[in-house]
Amino acid sequence: MIYKIIKIFIENETPDIMVPGMAFTIEPIIMMYPYDELYMWKDNWTIISENNPSAQWEHSILITDDGHEILTFRKGEINQEI
């Protein structure tokens with residue numbers, strides 16, 4: 001089975017360089033079957049692929065003076081630093 005990685009983002013007015021105090025999310029979507037098309041709802045947020053069960057997971061990361069902090073880190077998760 002061939003897996004695709006799709007990057008979806010919305011342009012914003014923030015600077016290109018993250019500075020302490022800024023936060024972002026990493027939000028992968030995993031789909032059961034290969035897909036041909038993705039659809040975005042009118043809310044400009046929700047993405048679906050028809051007849052294809054999926055799961056979404058995310059982490060929110062805060063930029064700090066010393067690097068970063070994973071704000072959504074749960075007890076029992078393994079923190080693998082990059």
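Observations on the model:
- Picking from residues in region 33-43 that are under 28 Å from ILE70 (Cβ atoms) and at pLDDT 80 or above, the one that is surrounded by the fewest Cβ atoms within 10 Å (Cβ to Cβ) is ASP43.
- Residues that are part of a loop (DSSP other than H, G, I, E, B) and within 19 Å of GLU11 (Cβ to Cβ), drawn from region 42-52: LYS42, ASP43, ASN44, TRP45, THR46
- Filter result (at pLDDT 85 or above and under 18 Å from the mean Cα position of the chain (by Cα)) within region 1-25: MET18, MET22, ALA23, PHE24, THR25
- Of the set (1) over 29 Å from VAL19 (Cβ atoms); (2) more than 16 Å from the chain's Cα centre (by Cα), all apply to MET40 but (2).
- Count of residues meeting criterion [within 14 Å of the chain's Cα centre (by Cα), assigned to a strand (DSSP E or B) and polar (S, T, N, Q)] in region 55-80: 2
The values are calculated or read from the model by the stated rules, or taken from the named source; none is laboratory data. Note that the structure is a prediction, hence the values are computed from the model and not measured. Backbone-built Cβ (ideal geometry, glycine too); neighbour counts: all protein chains shown.
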